[in-house]
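Note sheet for the following structure.
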Amino acid sequence: MKPKLDCETHRRAFRERIATSRRLLDAAHGGSEGSGDVSRELRGLSILLLFAAYEHLLTSLCRTLLEFVAKSRATARRMKPGLRLFLAYEAFQSLAGSSKDKLWRRQGPKVVQALTESRARDINTSLFPHDGSFMKASQVGLFCELFDLGDPGPILKEVWPQLNTIVDLRNGIAHGRLTPDEVGRNYTHEEVLELINLWESRWIDFINWLEASCDDHSTFTVGR
């Protein structure tokens with residue numbers, strides 16, 4: 001029987017993180033108006049936790065996919081282009097800081113060797129393909145492109161156009177530009193609850209889509 005990708009642990013972990021965000025929102029809804037009211041702050045933190053759940057999901061899925069690929073017997077020549085980039089990552093890093101003489105004699109040949117002679121088992125499974133956007137929609141797009149999964153937009157649906165907004169709000173809180181209170185005051189309890197429910201539903205759809213797209217190791221190879 002061919003090995004299949006199993007993402008159940010990711011579904012469970014993601015749902016647990018979303019449940020934390022929902023519990024925080026419930027606590028906000030139970031507060032009373034007045035000088036001690038922290039409902040806005042809690043709504044803002046609930047949104048912050050949505051980002052944390054998504055970031056953890058994408059990075060952990062990447063590791064699981066690379067571990068799955070690494071168990072195959074594929075050679076670099078048979079692997080899809082995106083995965084060959086993972087294989088050659090360390091060689092590319094060395095190439096970036098090489099002098100011209102080393103480019104031709106040492107580092108350049110290492111890149112060629114990694115792209116043609118290495119094997120799936122040589123992949124560094126701790127790599128994540130950061131695109132510099134700090135987890136905006138383009139990051140999900142790159143992830144799906146490298147693993148040849150297709151367009152994530154139709155899967156994430158309503159969440160897709162909101163992704164950059166959530167990342168911006170998270171960055172605003174993390175870097176001190178915004179406070180949880182400022183974020184929370186722009187959303188009602190019902191709006192945050194709807195966002196949490198959508199976030200959970202669409203990212204679970206994403207996990208299911210990814211799992212279904214990776215029937216076996218042949219998903220990541222090209223024909224002979």
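Annotation note: trypsin sites (Lys or Arg not before Pro) in the range 174-206 located in DSSP loop regions with a Cβ neighbour count of at most 13 within 10 Å are 177. Per-residue SASA remark: residue 215, around 80 Å² accessible (1.4 Å probe; ligands, DNA and RNA not included). Rolling a 1.4 Å probe over the protein heavy atoms gives the range 112-224 an accessible area of 49 Å² per residue. Among the protein heavy atoms of the range 116-193, carbon and sulfur supply 49% of the accessible surface, probe 1.4 Å, non-protein parts ignored. Here the gap between residue 121 and residue 11, fully extended at 0.36 nm per residue and compared with their Cα-Cα distance, gives a gain of 37.0 nm. Label positions at residue 215 and residue 190, each projected 7 Å from the Cα along the C-beta direction, are separated by 4.6 nm.
Only one of the values (i) 34; (ii) 28; (iii) 12 was calculated from this structure for percent of Cα pairs over 34 Å apart; name its label. Of the listed options (i) 34; (ii) 28; (iii) 12, (ii) comes from this structure. If the cut-off is 17 Å between C-alpha atoms, which lysines fall inside it for residue 80, apart from same-chain ones fewer than 8 positions away? Of all the lysines, those that pass the test against residue 80 - Cα under 17 Å, at least 8 places apart if same chain - are 71.
Whenever you get a sec, compute what percent of the accessible area on the range 1-109 sits on carbon and sulfur atoms (1.4 Å probe). Numbers along the way, then the final one.
Values: 3340 of 6360 Å².
Within the range 1-109, the accessible surface is 52 percent carbon and sulfur.
The simple Förster model, with R0 at 45 Å and r as the Cβ-Cβ distance, assigns residue 20 and residue 99 a FRET efficiency of 0.35.
Stretch residue 130-residue 85 to full length: gain in nm at 0.36 nm per residue minus the Cα-Cα span?
Working: separation 45, 0.36 × 45 = 16.20 nm, distance 1.29 nm.
Between residue 130 and residue 85, full extension yields 14.9 nm more.
Taking amide H positions as modeled 1.01 Å from N, with prolines and chain starts lacking one, the residues under 5 Å from residue 79 and 5 or more places away or on another chain are 222.
Spin-label pair residue 151-residue 60: with each label point 7 Å from Cα along the Cα-Cβ axis, the two points sit 3.0 nm from one another.
The values are calculated or read from the model by the stated rules, or taken from the named source; none is laboratory data. Computed from a predicted model, the values in this text were never measured in an experiment. Cβ atoms come from the backbone with ideal geometry, glycine included; neighbour counts cover every protein chain shown. What goes into the accessible areas is simple: the full protein's heavy atoms, side chains included, and nothing from ligands, DNA or RNA. Shrake-Rupley method; radii C 1.70, N 1.55, O 1.52, S 1.80 Å.
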